[in-house]
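Below is one structure; the comments refer to it alone.
Here, each number is a calculation from the coordinates, and none is a lab measurement. Just so we're clear, the structure is a prediction, and the values are computed from it rather than from any experiment. Glycine also receives a Cβ, built like all others from the backbone with ideal geometry; neighbour counts cover every protein chain displayed.
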């Protein structure tokens, strides 16, 4: 199954999905203090090498939500997480670039494994969660009952930590197999894509790109869920819209045949977000 998720990132590259996003980014602010790290540390490299649990929690802004109050919440949340034994490895926030009544934003948690995740949540109320909820309930409400968990695999890790001011740009592709196809059909195409990325990075060493494949750990074809049915998700993340456009332009020029193969196997719905890094892997 993992071969399938290696491919689905690239389904919208030809369409130039990142174009004209700059105006949207300017009007959607969910600020946090950016980390200033020049290169990826050894521990961060290990982070990208291993399979992870990624949990997305739907959140709503409260009556006292402001840029300042959100920064304070993130700072105190990080302090509480840092003191825990079983803690998240990384975290980021997502603000949709499309209209939805399901949420105002998403808080993403990246765990090393399910055991750590379960132990972390069990300890969280007394480890800081209860106090933070009481203090910041009117700023942001995130309901863990509306969380969605995935197994995440890195397809292409970023070549450096993103130092530019947020927001960054990320596109999630909710994909389904076309009739008559399955993951094994995509393996030859996956090889071609990997070769293309390697060639692209020969002349674009700091490409500001990160690709991840997400396998749902819940019933992704539940008819009662508001999300459309899908088989897997591709996370296509960029340091900036400019990086995304540059990558998309190069793909459109030189990978038409690969794109045609991908379109033959799967169909996807694309959802774009502004992304704000809350916590990076510890050095």
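Please compute P(r) over all alpha-carbon pairs of the stretch 165-283, binned at 10 Å starting from zero, and give each bin as a whole-number percent.
11, 38, 35, 15, 1
So how far apart, in nm, are the two label points at residue 71 and residue 164 if each is 7 Å from Cα heading toward Cβ?
2.1
Give me the one-decimal Kirkwood hydrodynamic radius in Å for the stretch 76-179, with the sum taken over alpha-carbon pairs.
Kirkwood radius, the stretch 76-179: 16.3 Å.
Kirkwood-based Rg over Rh for the stretch 121-217 (C-alpha set), two decimals?
Working: Rg = 19.4 Å, Rh = 17.8 Å.
Rounded to two decimals, Rg/Rh equals 1.09.
Sort 84, 102, 209 by Cβ crowding within 10 Å, fewest neighbours at the top.
Ascending Cβ contact count within 10 Å gives the list 102, 84, 209.
What nm distance separates the two modelled labels at residue 206 and residue 99, each placed 7 Å from Cα along Cα→Cβ?
In this crude label model, residue 206 to residue 99 measures out at 4.0 nm.
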